[in-house]
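Structure record follows, encoded as structure tokens.
The values are calculated or read from the model by the stated rules, or taken from the named source; none is laboratory data. This is a predicted model, so every value here is computed, not measured. Cβ placement follows ideal geometry from the backbone for every residue including glycine, while neighbour counts extend to all protein chains displayed.
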Amino acid sequence: MAGEKAMILEQYCSIHNHSFIRFDYRGLGESSGDRQSFTPADWLSDALTVLDTLTGAAEPQVLVGSSMGALLMLHVAMKRPEKVVGVVGIALPFDYPSRLQKLLTTEMKAAVEKGGTIPSGRGDFTYNKKFLEDGLKLGFDHDTPIQVNCPVRLLHGVRDDEVPWDLSPKLMSLVDSTDVQVTISKSSDHRFSEPQDLQILVNTVDQLLKQYEFYS
């Protein structure tokens, strides 16, 4: 919630008098709970709860998400098409769950099946069986259309070493929306948080809002 992208967007919205909500999923950032106790399905529920309880029924919403948050953002857009009028995704790993499954060795799968955990490669966080199973349900394959019909903006860095940048053009071809734009930045990495990246993000959000006049 206190990351560079969230803060720069809050600043932009404050300057232009747009409403703005940022939050941390349960177990992450400033939210309570043990991260190991939650799965992507729980975090999707968090996002839907925030949207349903903190925004008005007639208020159009533009969602911005990065990495796993961007994947969850797609699902929110699919589940609340009447409220979500635009999405901006950064390094969106639409096939992440299936790619992760392919990386699991026989030994890793056996450990998980027995109730154990395996390293995630991100600090001391580990994957358990429920996390992997829930995550797999949220992934998309490379052949099935994704039923998101609002404007979509995808940002990705060529130097991203976690989510291959060429997934974004592929995702563009899968989304039902006819208004999908992809921005590829050669110098950007997965975090997309350098000053030039943040400017790209702000410009993208600004252009989207102005193009569709979502706000007066």
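What number of residues within the range 169-188 are within 18 Å of PHE94 (Cβ to Cβ) and outside any loop (DSSP other than H, G, I, E, B)?
Within the range 169-188, residues that are within 18 Å of PHE94 (Cβ to Cβ) and outside any loop (DSSP other than H, G, I, E, B) number 12.
Report every pair of residues separated by at least 6 positions or lying on different chains whose Cβ atoms are under 6 Å apart, first residue within the range 141-163 and at negative phi and aliphatic (A, V, I, L, M), second assigned to a loop (DSSP other than H, G, I, E, B) and exposed (fewer than 15 other Cβ atoms within 10 Å of the Cβ).
VAL158/LYS186
Can you confirm whether VAL148 is under 23 Å from ASP46 (Cβ atoms), modelled with pLDDT of 95 or more and in a strand (DSSP E or B)?
no
Taking the options GLY135, GLY115, name whichever one is more than 21 Å from VAL62 (Cβ to Cβ) and crowded, with 16+ Cβ neighbours inside 10 Å.
Exactly one of GLY135, GLY115 is more than 21 Å from VAL62 (Cβ to Cβ) and crowded, with 16+ Cβ neighbours inside 10 Å, namely GLY135.
Closer than 22 Å to ARG191 by Cβ and either assigned to a helix (DSSP H, G or I) or modelled with pLDDT under 95 (or both) - does that describe any residue in the range 52-66?
no
Quickly run through the range 84-106 and pick out the residues that are assigned to a helix (DSSP H, G or I) and touching a strand residue (DSSP E or B) at 6+ places or on another chain (Cβ under 9 Å).
LEU100
Could you say whether any residue in the range 76-84 is of a type outside the set (Val, Ile, Thr), farther than 21 Å from GLU4 by Cα and crowded, with 20+ Cβ neighbours inside 10 Å? Before the answer, list the steps.
Looking only at the range 76-84, we keep the residues that are of a type outside the set (Val, Ile, Thr), and these are 77-83.
Pick out the ones that are also farther than 21 Å from GLU4 by Cα and you get 77-83.
Imposing the further condition that a residue be crowded, with 20+ Cβ neighbours inside 10 Å reduces the set to 77.
Yes, there is a match, as at least one residue in the range 76-84 is of a type outside the set (Val, Ile, Thr), farther than 21 Å from GLU4 by Cα and crowded, with 20+ Cβ neighbours inside 10 Å.
Among the residues of the range 21-40, how many are in a loop (DSSP other than H, G, I, E, B) and either surrounded by 14 or more Cβ atoms within 10 Å (Cβ to Cβ) or in contact (Cβ under 8 Å) with a residue 12 or more places away in the chain (or both)?
Of the range 21-40, the ones in a loop (DSSP other than H, G, I, E, B) are 21-34, 38-39.
Subset that is either surrounded by 14 or more Cβ atoms within 10 Å (Cβ to Cβ) or in contact (Cβ under 8 Å) with a residue 12 or more places away in the chain (or both): 21-31, 38-39.
The qualifying residues number 13.
Which of the residues spanning the range 11-60 are aliphatic (A, V, I, L, M) and under 20 Å from the mean Cα position of the chain (by Cα)?
ILE21, LEU28, ALA41, LEU44, ALA47, LEU48, VAL50, LEU51, LEU54
So if I check each of LEU54, LEU72, LEU48, which one is assigned by TED's automatic domain parsing to the domain that holds ASP179, in contact with a strand residue (DSSP E or B) (Cβ under 8 Å, 6 or more places away or on another chain) and not polar (S, T, N, Q)?
Step by step, each of LEU54, LEU72, LEU48 is checked, and only LEU72 is assigned by TED's automatic domain parsing to the domain that holds ASP179, in contact with a strand residue (DSSP E or B) (Cβ under 8 Å, 6 or more places away or on another chain) and not polar (S, T, N, Q).
Would you mind stating whether SER187 is surrounded by fewer than 16 Cβ atoms within 10 Å (Cβ to Cβ) and among the small types (Gly, Ala, Ser)?
Yes, satisfied.
Quick check on my filter: what residues within the range 82-96 are touching a helix residue (DSSP H, G or I) at 6+ places or on another chain (Cβ under 8 Å) and free of Cβ contacts under 8 Å to residues at least 40 places away in the same chain?
The answer is LYS83, and nothing else.
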